[in-house]
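A.B. asks: The following block contains the structure, expressed as structure tokens.
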Amino acid sequence: MGLHSLCILHVWRPVTISWFWIFVLLIPQHGRGVLSTSNYLIGTGSYDITGPAADVNMMGYANMDQIASGIHFRLRARAFIVAEPQGNRVVFVNLDACMASQLVTIKVLERLKARFGDLYTEKNVAISGIHTHAGPGGYLQYIVYIVTSLGFVRQSFDVLVDGIEQSIIQAHENLRPGSIFVNKGELLDAGVNRSPSAYLNNPAAERSKYKYDVDKEMTLLKFVDDEWGPVGSFNWFATHGTSMSRTNSLISGDNKGAAARFMEDWFDQNGVRSVQPDESEARGIPRRISNIIPGFHGNHHELLEVAAAFRSPPGKPATRLLSVARRVRSALRMADRPRFVSAFCQTNCGDVSPNVLGAFCLDTGLSCDFNHSTCGGKNELCYGRGPGHPDEYESTQIIGDRQMKKAVDLFNTAAEQINGKVDYRHIYLDFSKLQVTIPKPGGGSESVKTCPAAMGFAFAAGTTDGPGAFDFKQGDDSGNAFWRLVRNVLKAPSKEQTDCQHPKPILLDTGEMKEPYEWAPSVLPIQILRIGQLVILSVPGEFTTMAGRRLRDAVKTVLTSGGRGEFNKNVHVVIAGLTNTYSQYVTTFEEYQIQRYEGASTLYGPHTLGAYIQEFKKLATALVSGQSVEPGPQPPDLLNKQISLLTPVVMDATPLGVNFGDVSTDVPQNSTFRRGNLVTVVFWSACPRNDLMTEGTFALVEILQGKDSWIPTYDDDDFCLRFKWSRPAKFSTRSHATLEWRIPESAAPGVYRVRHFGASKGLLGSIRHFTGSSSAFVVA
């Protein structure tokens with residue numbers, strides 16, 4: 001039942017029947033099974049995209065030592081489709097991944113064409129990354145993005161392609177009549193500018209138009225099925241996925257992935273009631289299913305006696321399906337209605353950090369140098385601090401929770417209904433040689449051009465979210481002789497390239513490096529999706545705050561001044577960052593001159609933003625006028641050229657007399673834990689690369705119901721349960737799984753146990769699944 005109809009049922013009795021029917025007429029857009037003013041088909045979908053949780057370098061920080069070794073919580077692809085009943089449709093997929101990949105996009109589109117024909121193409125499908133820096137790498141096709149992952153990682157790539165396809169299939173199969181609402185609001189404490197010295201180089205008159213040096217506005221879409229009521233929400237808000245640090249080794253969706261899980265759980269527990277998160281949800285841990293499970297009732301002594309009867313059994317063989325079926329949110333146990341899907345999408349986050357306390361020196365505790373983010377001239381000790389400092393998990397939870405609470409507020413108060421056409425425009429452009437017309441300061445215009453991709457010296461300095469190494473520093477517009485010699489071994493840039501990229505001192509001339517294949521992209525997609533008065537600008541990179549503002553304003557001006565008058569001043573324009581492929585950063589011309597990390601990572605030179613604005617204005621003009629656009633040059637498909645140096649899993653083994661799944665370190669006998677305590681169990685395990693347990697779980701907490709029935713309560717999808725995998729030596733065949741459960745305040749008292757699922761690989765390559773359980777214990 002809809003949000004408004006629930007409220008109305010409390011007040012209708014005292015009023016007359018005529019007033020009751022007036023109320024009914026007011027609620028069709030929110031209600032379930034009532035009159036509808038919907039003019040769209042809407043569908044949502046979600047699927048597991050968690051990659052290999054062992055041995056693979058994580059994507060984002062370019063830290064060779066950041067190797068995956070377990071799961072904080074699982075990653076998902078979340079999709080929505082909006083279609084006119086007899087007309088156009090658009091698809092938007094939000095990935096719990098660092099960014100989209102051109103190769104992934106190409107292969108997803110090939111699968112969609114094989115399944116649906118020309119219904120879903122590069123023109124109307126957008127695939128966007130949330131920019132977590134805690135997901136497995138190796139799924140992009142250009143060399144510079146897969147060096148630290150030792151080349152291409154097929155498992156990382158395949159699970160993304162599979163998961164995106166499945167999320168779109170779900171959304172397609174869930175298409176039903178429904179309505180869409182849009183809402184906006186400010187979220188003040190989830191992001192700060194990490195390069196304020198570059199931002200301050202923008203014109204003072206321009207800066208004076210804005211209250212903050214980062215965008216604080218969240219834009220949310222609410223999807224309401226005519227029959228089922230709300231089925232999803234997608235929002236866009238700018239903050240980096242860097243609450244988890246460069247030393248973290250657990251797969252995590254970071255703050256945006258956490259916010260999505262928190263909000264989906266909030267909805268599952270509250271249905272469509274218009275309420276705010278309770279105290280446990282305010283801590284970022286929504287109430288779990290254990291609150292409503294009738295556990296074993298008895299006093300503490302009786303609970304201990306019951307728990308004592310369940311000692312840890314030997315590990316035993318299992319089927320893969322058992323892991324899927326035991327998941328708390330298993331699709332096998334869903335009702336016959338669509339599961340609520342909530343996505344927290346990325347936008348112009350280029351210079352926005354979630355480490356809101358500021359950047360400080362590790363050695364002195366003082367603030368880092370303002371212009372260069374250094375400590376005593378070195379960048380390695382300058383780190384941003386999240387709100388939970390020094391606990392990165394706490395920081396992730398807090399920033400995720402802040403986004404979730406704002407989204408819940410916007411969701412509950414969304415009143416502006418989306419109406420109008422569904423449309424789209426898409427083009428590929430060669431950004432290595434675009435002619436760009438820009439205004440001259442004294443009037444008139446001049447023609448400039450973009451450059452082949454190149455990365456500056458300050459790129460290697462990293463950011464306050466994840467500093468680099470050696471003697472690089474942000475704000476370096478000159479470079480140094482030693483690193484130029486190192487650079488020239490790979491490729492010395494030409495004078496034309498050096499002049500084109502000025503004042504960037506080139507460290508890696510990636511756009512002109514072609515061996516053994518392309519190091520960086522040159523052909524990029526740009527795209528506009530229209531859903532009524534909402535317009536989504538799909539960009540293949542990370543725009544800074546002011547760069548995003550300029551792009552949005554330029555497109556909005558075109559839309560609202562168009563000849564057809566279809567858009568009024570209330571058109572909502574959002575940027576979907578890191579979408580369809582990845583090409584690093586986009587700063588303003590003025591920020592580029594400062595050459596902090598973002599400027600050094602603006603690949604195509606100082607006029608990159610000018611090129612985007614010029615070409616998006618053309619797309620917007622075509623959208624308003626109803627004209628088609630040429631497809632442009634196709635990007636390369638480099639799948640057959642990929643090189644992988646990651647060693648495969650040879651085999652797994654346990655000591656003589658030990659089974660896979662046996663408990664190595666159990667909970668203490670007759671143990672009782674309190675809320676907030678940490679329960680730790682260690683199992684003999686096998687490499688998680690043997691089976692990613694897609695839509696399943698490696699870790700599970702179960703509560704005893706009745707005398708012998710164990711009910712799943714927490715799994716890999718839960719923030720409070722962590723799966724950590726380790727081996728005693730790099731090439732050892734033996735390994736352990738350590739499961740850590742921080743008992744949430746919302747956990748029901750009762751008898752619990754911890755369970756592990758895995759898959760071992762035999763010497764001849766056979767895969768055998770197993771499971772093991774801890775002894776039972778009491779939560780009081």
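The values are calculated or read from the model by the stated rules, or taken from the named source; none is laboratory data. This one's a predicted model, so the numbers in the text were calculated from it and none came from an experiment. FYI the Cβ positions are ideal-geometry reconstructions off the backbone, even for glycines, and counts take in every protein chain you see. Accessible surface is based on the protein model in full, side chains and every heavy atom, while ligands, DNA and RNA are left aside. Shrake-Rupley method; radii C 1.70, N 1.55, O 1.52, S 1.80 Å.
A.B. asks: Please compute the net charge surrounding residue 740, taking Lys and Arg as +1 and Asp and Glu as -1 over other residues with Cβ under 11 Å from its Cβ.
C.D. replies: Values: positive: 722, 724, 742; negative: none.
Neighbour charge sum, excluding residue 740 itself: +3.
A.B. asks: Quick one: grab the alpha carbon gyration tensor of the range 122-208, order the square roots of its eigenvalues as a ≥ b ≥ c, and give me rounded if a/c is under 1.5, else prolate or oblate depending on whether a/b is larger than b/c. Let's see the in-between values first.
C.D. replies: On the way: a/c = 2.68, a/b = 1.21, b/c = 2.22.
Oblate shape, in that a/c is at least 1.5 and b/c is the bigger or equal ratio.
A.B. asks: By per-residue mean of other Cβ atoms within 10 Å, what is the highest-first order of 195-201, 357-363? Can you show the working numbers first?
C.D. replies: Working: 195-201: 20.9, 357-363: 15.6.
Output ranking for 195-201, 357-363: 195-201, 357-363.
A.B. asks: If amide hydrogens are placed 1.01 Å from N in the peptide plane, which non-local residues have theirs closer than 5 Å to the one on residue 699?
C.D. replies: Here the answer is 716, 757, since their amide H atoms fall under 5 Å of that of residue 699.
A.B. asks: Using θ = phi - 60° and the Karplus curve 6.51 cos²θ - 1.76 cosθ + 1.60, what whole-Hz ³J(HN,Hα) does each residue of the range 441-452 get, with Gly and Pro shown as x?
C.D. replies: So the J values, rounded to whole Hz, are x, x, x, x, 8, 9, 9, 10, 8, 7, 10, x.
A.B. asks: Can you give me the Cα centroid spacing of the range 110-186 and the range 221-272 in angstrom?
C.D. replies: Going from one Cα centre to the other spans 16 Å.
A.B. asks: Ok, one more. Counting only heavy atoms of protein chains, what accessible area per residue, in Å², does the chain have with a probe of 1.4 Å?
C.D. replies: Values: 28840 Å² over 780 residues.
For the chain, the per-residue accessible area is 37 Å².
A.B. asks: Taking square-rooted eigenvalues a ≥ b ≥ c of the alpha carbon gyration tensor, is the range 310-424 rounded, prolate or oblate, where a/c under 1.5 means rounded and, failing that, a/b exceeding b/c means prolate?
C.D. replies: On the way: a/c = 2.91, a/b = 1.33, b/c = 2.18.
Oblate.
A.B. asks: Taking 8 Å as the Cα distance limit and 6 or more residues as the minimum spacing, I'd like the relative contact order of the range 417-551 as a percentage.
C.D. replies: Numbers: 200 pairs, mean separation 44.1, N = 135.
Reported relative contact order: 33 percent.
A.B. asks: Another one. Relative contact order for the range 370-450: what percent, with Cα pairs under 8 Å and sequence separation of 6 or more? List each step's numbers first, then the result.
C.D. replies: Working: 45 pairs, mean separation 10.0, N = 81.
Over the range 370-450, the number comes to 12 percent.
A.B. asks: Using just the helices of the chain, give the 222 nm mean residue ellipticity in deg cm²/dmol: DSSP H runs with n ≥ 4 each add -39,500 (n - 2.57), and the total is spread over all residues, rounded to 500.
C.D. replies: Numbers: 17 runs with 180 residues, N = 780.
Counting only the DSSP helices, I get -7000 deg cm²/dmol.
A.B. asks: How big is D for the range 441-541, in µm² s⁻¹ as a whole number, if Stokes-Einstein is applied with the Kirkwood radius of its Cα pairs at 10 °C and 1.306 mPa s? Show your work: numbers first, answer last.
C.D. replies: Numbers: Rh = 16.2 Å.
Here the translational diffusion coefficient equals 98 µm²/s.
A.B. asks: Which of the three applies to the range 391-501, rounded, prolate or oblate, going by the alpha-carbon gyration tensor with a ≥ b ≥ c and a/c under 1.5 meaning rounded? Let's see the in-between values first.
C.D. replies: Values: a/c = 2.83, a/b = 1.34, b/c = 2.12.
Oblate, since a/c reaches 1.5 and b/c is not below a/b.
A.B. asks: Here's another thing I want to ask about it. Going by accessible area, probe 1.4 Å, with all protein chains left in place, what is the ranking of 510, 247, largest first? Mind dumping the intermediate values first?
C.D. replies: Working: 510 0, 247 105 Å².
Output order, biggest surface exposure first: 247, 510.
A.B. asks: Continuing with this model, one more query. Provide Rg and Dmax in Å for the range 413-471, with only Cα atoms included in the calculation.
C.D. replies: Final numbers for Rg and Dmax: 20.9, 55 Å.
A.B. asks: Still on this structure: Hey, can you grab everything whose amide H is under 5 Å from the amide H of residue 507? Only 5+ residues off in sequence or another chain; H modelled, so Pro and N-termini drop out.
C.D. replies: Answer set, sorted by chain and number: 455, 456, 457.
A.B. asks: On to the next question. Rank 660, 237 by accessible area, highest first, at a 1.4 Å probe radius?
C.D. replies: Numbers: 660 45, 237 0 Å².
Highest to lowest solvent-accessible surface, that is 660, 237.
A.B. asks: Would you kindly derive the ³J(HN,Hα) couplings of the range 103-111 from the backbone phi angles with the Karplus curve 6.51 cos²θ - 1.76 cosθ + 1.60 (θ = phi - 60°), listing them in order in whole Hz, with x for Gly and Pro?
C.D. replies: Coupling constants for the range 103-111: 5, 4, 4, 4, 6, 4, 5, 4, 5 Hz.
A.B. asks: Can you tell me which of 596-607, 724-735, 44-55 comes out highest on packing, and rank the rest after it, using the mean Cβ neighbours within 10 Å?
C.D. replies: Working: 596-607: 29.0, 724-735: 14.8, 44-55: 24.9.
Sorting 596-607, 724-735, 44-55 by mean packing, highest first, produces 596-607, 44-55, 724-735.
A.B. asks: Next up: Return the sequence-ordered ³J(HN,Hα) values of the range 70-75 in whole Hz as given by the Karplus equation 6.51 cos²θ - 1.76 cosθ + 1.60 applied to θ = phi - 60°, using x for Gly and Pro.
C.D. replies: Ordered by residue, 3J(HN,Hα) equals x, 9, 7, 7, 6, 9 Hz.
A.B. asks: Determine the order of 700, 645 by accessible area, beginning with the largest, at a probe radius of 1.4 Å.
C.D. replies: Working: 700 0, 645 120 Å².
In descending accessible area the options line up as 645, 700.
A.B. asks: Starting from 0 in steps of 20 Å, tell me what percent of the Cα-Cα pairs of the chain lands in each bin.
C.D. replies: 16, 49, 30, 5, 0
A.B. asks: For the range 666-766, state the semi-axes of the equivalent ellipsoid (square roots of 5 times the eigenvalues of the alpha-carbon gyration tensor), sorted largest first and rounded to whole angstrom. Could the numbers behind the result be given before it?
C.D. replies: Details: eigenvalues 148, 44, 32 Å².
One finds semi-axes of 27, 15, 13 Å for the range 666-766.
A.B. asks: If ligands, DNA and RNA are left out, what is the accessible area of residue 143 with a 1.4 Å probe, given in Å² to the nearest 10?
C.D. replies: About 20 Å², ignoring ligands and nucleic acids.
A.B. asks: Amide H to amide H, which residues 5 or more places from residue 654 or on other chains are under 5 Å from it, using H placed in the peptide plane?
C.D. replies: HN-HN under 5 Å from residue 654: empty list.
A.B. asks: Using protein chains only and a probe of 1.4 angstrom, how many square angstrom of residue 119 are accessible, to the nearest 10?
C.D. replies: Here the accessible area works out near 60 Å².
A.B. asks: So how exposed is residue 240, as accessible area in Å² (1.4 Å probe, rounded to 10)?
C.D. replies: 0 Å²
A.B. asks: Here is a follow-up. With all protein chains present, how much of the accessible area of the chain (probe radius 1.4 Å) comes from carbon and sulfur, to the nearest whole percent? Display every interim value, and only then the final one.
C.D. replies: Values: 15940 of 28840 Å².
Answer for the chain: carbon and sulfur cover 55 percent of the accessible area.
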